[in-house]
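Report on one structure; see the data block that follows.
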């Protein structure tokens, strides 16, 4: 079900990541909280502390929290001194990996398209699990060219969603491993589950499910196009 608030979403994500790490201890996993105006750093720090304190698949594995740049890493160390030894940035982690592959659980925060090559290199030299929070490794500007196709078939194809919570226009999409993708419609009295999917539904599948047996209509088709464009931007 949809979480009542951000703390509930964090708890759902923690349970999903623990389950994912238990299923594939060396897997490549994603967590997405796509709330407008979300201050990600406090959420990441709480999540890191909760993951460290959890029993289960973490075991004796080391946790490294990886930020895109040294400035973000420094802010995290300032706000969470207890986590400071675990925090690093992409370039700093690459220097450590020059002595040999890294191990444990790597929690990567917000890697973007500009970090693509460095992040791919880091993951290639990491022998444990990688969990990406609110990543943006795909770029609409790269679009439909050969580079984009190569990336989608290669590095980007390795990733599975451990947890996703994506508010949409009049609906919401959620996935918590090992469950299915769930599409909710916003009604006057709250959100209602419309349909479940084995794979993440695209804009057309979402539109058809929300329209039910009545078809999309002109307005529905326009919303579908808008959702597709927005998906390229995110």
Checklist entry - Only one residue in 70, 108, 62, 76 is loosely packed, with under 15 Cβ neighbours inside 10 Å and touching a strand residue (DSSP E or B) at 6+ places or on another chain (Cβ under 6 Å). Which one? => result 70
Checklist entry - Can you name the condition, by its number, that residue 20 falls short on among (1) touching a helix residue (DSSP H, G or I) at 6+ places or on another chain (Cβ under 9 Å); (2) in a helix (DSSP H, G or I)? => result (1)
Item to check | Evaluation of residue 84 against (1) out of contact with any strand residue (DSSP E or B) (no Cβ under 7 Å at 6 or more places or on another chain); (2) within 18 Å of residue 134 (Cα to Cα) (one fails), failing number | outcome: (2)
Next on the checklist: I'm trying to understand the selection: among the residues of region 4-24, which are surrounded by fewer than 16 Cβ atoms within 10 Å (Cβ to Cβ) and closer than 9 Å to residue 162 by Cβ?
Outcome noted: none
Next on the checklist: Please determine whether any residue of region 79-92 is without any contact (Cβ under 8 Å) to a residue 12 or more places away in the chain and surrounded by 14 or more Cβ atoms within 10 Å (Cβ to Cβ).
Outcome noted: yes
Checklist entry - Within region 90-143, how many residues turn out to be over 21 Å from residue 48 (Cα atoms) and either at pLDDT 95 or above or part of a loop (DSSP other than H, G, I, E, B) (or both)? => result 12
Checklist entry - Which condition number in (1) assigned by TED's automatic domain parsing to the domain that holds residue 86; (2) surrounded by fewer than 17 Cβ atoms within 10 Å (Cβ to Cβ); (3) under 17 Å from residue 176 (Cβ atoms) is the one that residue 1 fails? => result (1)
Next on the checklist: Cβ-Cβ under 9 Å, sequence separation 6+ or interchain: first residue in region 206-217 and closer than 14 Å to residue 171 by Cβ, partner in a loop (DSSP other than H, G, I, E, B) and at pLDDT below 50. Which pairs?
Outcome noted: 207/216; 208/215; 208/216; 210/216
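The values are calculated or read from the model by the stated rules, or taken from the named source; none is laboratory data. Keep in mind it's a predicted model, so treat the numbers as computed, not measured. Note that we place each Cβ from the backbone using ideal geometry, even for glycine, and neighbour counts take in every protein chain shown.
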